[in-house]
Amino acid sequence: MSDFQNDLAEIAKLRDAAGASWGQISPESAARMRLQNRFRTGLDIARYTAAIMRKDMAEYDADPSSYTQSLGCWHGFIGQQKLISIKKHFGETNKRYLYLSGWMIAALRSEFGPLPDQSMHEKTSVAALIEELYTFLRQADARELGGLFREMDAAREAGDDVAEKAVQNKVDNYQTHVVPIIADIDAGFGNAEATYLLAKRMIEAGACAIQIENQVSDEKQCGHQDGKVTVPHEDFLAKIRAVRYAFLELGVDDGVIVARTDSLGAGLTKQIAITHTPGDLGDQYNSFLDMEELTIDQMNHGDVVIKHHDQLLRPKRLPSNLYQFRKDTGEDRCVMDCITSLQEGADLLWIETEKPHIGQIAGMVNRVREVVPNAKLVYNNSPSFNWTLSFRQQVFDVWSEEGKDLSAYDRDALMSEEYDDTELAAQADERIRTFQADAAREAGIFHHLITLPTYHTAALSTDNLAKEYFGEAGMLGYVKGVQRKEIRQGIACVKHQNMAGSDLGDDHKEYFSGDAALKAAGKDNTMNQFG
């Protein structure tokens, strides 16, 4: 029997056992409500979605074309609409996730107002957004199943057994809107204990995958800004272990940890690593420091020095009391970060880069895979990159190496509209189009995400609407630019009352009050204008 039929039989048995006092309880109505609320807790969601991610990771290992994707969210409604759109256009949610961006929480969700991505926002807002996202996704399930149940009732009233069975088949094979969320915990918001406590809250809210970065918590910067400060490996590994303990404590045994390295663009460290023997992890970390050899006689008051083998070395210390790494060591440090993280409990990697360049990413990943053959990346297809300029310059450079005539192009001005219809621009756009598939195949990228897409789409659409509505177009600016498109594209929230739960409420009123229910979906409901 289907889950629905099992629930129906179980609730009918409970009603019969309860006797006359439950006489007005409909087992079918209760079974419908139970199916519409399949996930009772955030931990149910975390376990369910962790299994999805593990399956997807195994399928990617077998076939790199089976990569996964997500878009960043800053509100439950945004996440809900993405999944509704995915189901509408593709018929399924397979290999499509959501990403919870710390950047967007800082910029859009903090009680302090808009903040930079520096871990200054309330850390509890991270878990709160996970819970909010899943509340909206569960409501999307309830709404869509409610529509199927109304179709079933209509088929019954018409005596159409074939139609009723067809709807029942849709109910029995229903695919939920609930998908994995990769959630950003920044640098852990404090020490390892603080990381553990916040990770627990995030997992209890439903997170099956937590992304943590190797920056210093109180000096944290956005990955695409300057001034990033990393921590020694042992400090970072302690936080990875803290997240794993949180997963295990809560029974999410296959929870996913994404270890992010910001070392490529981070030239500073706050600490000199502890080292006990030559070549150990601390010694390797310290070996990247910008140091000079000196003798005891050359030491100044207050100097910090390191004994390295037979040398006495003074690391370069800045006025900020931070230490500086040698230039051009970023890639080597990234590779070391990745290998160490995977060997000590991380499942996936995130290498924050300054541009979307497959060759650069693959160069590092291939080095990691020499040690950990199944290393896989989560990669930020970031709006911080100028994708048009970057890929036009990449094509320019390839053509230059091939000896092609480039006299018609100015490499530094390739963003200009005058190049939009050129062969170079067309080839660059094709590389952008295939970037995800190419990078999945050539650079080990299992998951592609865009951190801040709806931040930008909200700004762009609002700009267009404001220009039209407050200009000469007036109300036509809204009707032509928004509502008419919603109707013709079949956007569900054109019926905004339904999207907000009005029809769900009507169903419940009927369950609770029968014929006495005062329902909103009558003939005078203006939503009827949308068919």
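Bear in mind that the values in this text are calculations on the coordinates, not laboratory data. Not measured: the values here are computed from a predicted model. Here Cβ is always computed from backbone atoms with ideal geometry, including for glycine, and neighbour counts include all displayed protein chains.
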* Asked: Can you sort 476, 318 by how many other beta carbons sit within 10 Å, fewest first?
  -> 318, 476
* Signed unit charges on C-beta, dipole axis of the chain, positive-most listed residue 163, 175, 207 -> 163
* To do: Counting other beta carbons within 10 Å of each Cβ, put 399, 103 in order, fewest first.
  => 399, 103
* Structure fact -> Scoring only Lys, Arg, Asp and Glu (+1, +1, -1, -1) among other residues with Cβ under 12 Å from the Cβ of residue 512 yields -2
* Simple Cβ-charge dipole of region 424-520, Lys/Arg +1 and Asp/Glu -1, about Cα centre, in debye nearest 20 -> 220
* What is the sum of charges around residue 340, taking Lys and Arg as +1, Asp and Glu as -1, for the other residues whose C-beta is under 12 Å from the C-beta of residue 340? -> -4
* To do: Check cross-link reach from residue 170 to the lysines: straight Cα distance under 17 Å, and skip same-chain residues fewer than eight apart.
  => 87, 88
* **Beta bridges per DSSP with both ends in the chain, % antiparallel, nearest 5** => 25
* Counting Lys and Arg as +1 and Asp and Glu as -1, each charge on the Cβ, what is the dipole of region 438-489 about the Cα centre in debye, to the nearest 20? -> 240
* Efficiency of FRET between residue 416 and residue 54 - r from beta-carbon atoms, R0 30 angstrom, step 0.05 -> 0.05
* Structure fact -> Taking alpha-carbon centroids only, region 18-58 lies from region 151-197 a number of Å equal to 9
* Roughly speaking, what is the centre-to-centre gap between region 314-356 and region 463-499 when only Cα atoms are used, to the nearest Å? -> 47
* Cross-link partners among aspartates and glutamates for residue 495, C-alpha distance below 20 Å, same-chain residues fewer than 8 apart left out? -> 141, 144, 151, 486, 503, 506, 507, 524
* Structure fact -> With the dipole of the chain defined by +1 on each Lys or Arg Cβ and -1 on each Asp or Glu Cβ, the option from 69, 361, 491 whose Cα lies farthest towards the positive pole is 491
* To do: Run the dipole for the chain about the Cα centre, Lys and Arg Cβ at +1, Asp and Glu Cβ at -1, nothing else charged, and hand back the magnitude in debye, nearest 20.
  => 1280
* To do: Mind checking which of 461, 407, 348 is farthest towards the positive end of region 347-466's charge dipole, using Cβ charges of +1 (Lys, Arg) and -1 (Asp, Glu) about the Cα centre?
  => 348
* Asked: Can you give the % of DSSP beta bridges in region 180-272 that are antiparallel, to the nearest 5?
  -> 10
* Structure fact -> Note on the chain: contact order normalised by length, alpha-carbon pairs under 8 Å, 6 or more apart, percent, works out to 14
* Wrap a convex hull around the Cα atoms of the chain, take a quarter of its surface area, and give that in square nanometres. => 34.1
* Structure fact -> Once the in-chain neighbours fewer than 8 apart are removed, the lysines whose Cα is under 27 Å from residue 270 read 123, 220, 228, 239, 307, 316, 327, 355
* Taking only DSSP H segments of four or more residues, each worth -39500 (n - 2.57), what value at 222 nm results for the chain once the sum is divided by all its residues, to the nearest 500 deg cm²/dmol? -> -15000 deg cm²/dmol
* Asked: Order of 160, 463, 310 from fewest to most other C-beta atoms within 10 Å?
  -> 310, 463, 160
